[in-house]
Amino acid sequence: MKKTILTSVGIVGILMVWFVGYLVFEFRNFGAGTLGGFDIRRFPVDKYTLENAVDSLLDSDTTFALPEKWAELDDWKKRGYDFLDTRIFYFSSPPEEMFYISFIGDSTEWAMTNYAEIAIRAVGNQEGWTLQKHTSNTEKQRIENRFDSLIIERIERMLNVKSKRED
C-alpha cells in the first residue's frame, strides 16, 4: 500500500514538473513585456493620423487581409496582448507571411508627443509566430525591407511625410 502511494506521488510529482517545464517553454517568448520588436518607424504626425493612414491602407488593399486559413493565428488577445494597439498585415507573395505590428507607446505618451511610432512585433506563417530575437540578421533585413517597401513607403506617400527608422 505504501509503495503504491509513493509511486503515485512520484508520478504526480514528475507530471507536475513536466507540466511546469512545458508551460515555461511554451510561453517563454510571449510573456507580458517580452514581445520586443523589429526596428521602430517614427512618423512626424500624431498617433491618430498615423492610425488612420494604417487603417486606410488595410481597407484599401484587401490583399493585406488575413486569410481564413490563418485566422486562428490571430490569438494575441488570448496571449494577453489585448492592451496593444495592433494590426496584422498579410502577404500572399513568397514568402507567404504576416506581420503583427503595433503602435508604440500609450495614450498618455501619444497625447504629449508630436510623433507616432510603429514597429513589427512578430512575423507569422502557417507554423506560428516568430519574434525578432529569434530571427537571423539576413531574415531580419529581408523582413524590414519588405515592411519598408510595401507598407511604410505607402503610408509616407499617403501622409506626405518621411518616417525615420530607429533600432
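Every number in this text was worked out from the coordinates using simple rules, so none of it is lab data. As the structure is a prediction and not an experimental result, all values here were calculated from the model. Cβ coordinates were reconstructed from backbone atoms using ideal geometry, including for glycine residues, and neighbour counts include every protein chain displayed.
Full extension of the chain segment joining Thr130 with Asp148 gains 4.6 nm, where the gain is 0.36 nm per residue of separation less the Cα-Cα distance.
Each Lys or Arg adds one and each Asp or Glu takes one away; over the other residues whose Cβ falls under 15 Å from the Cβ of Thr86, this sums to -1.
If the segment from Tyr115 to Thr138 were pulled out straight at 0.36 nm per residue, it would be longer than the present Cα-Cα gap by 5.3 nm. Is segment 33-166 rounded, prolate or oblate when judged by the Cα gyration tensor, a ≥ b ≥ c being the square roots of its eigenvalues, rounded requiring a/c under 1.5 and prolate requiring a/b larger than b/c? The shape class here is rounded. In terms of packing, defined here as the mean over residues of other Cβ atoms within 10 angstrom, the peptides 84-97, 55-68 line up highest first as 84-97, 55-68.
Please sort by residue number the GluC sites (Glu not before Pro) in segment 111-167 whose DSSP state is loop and whose Cβ has at most 13 other Cβ atoms within 10 Å. It would help to have the intermediate numbers written out before the result.
Numbers: sites: Glu117, Glu127, Glu139, Glu144, Glu153, Glu156, Glu166; in loops: Glu127.
Those that pass, being in a loop and sparsely packed, are Glu127.
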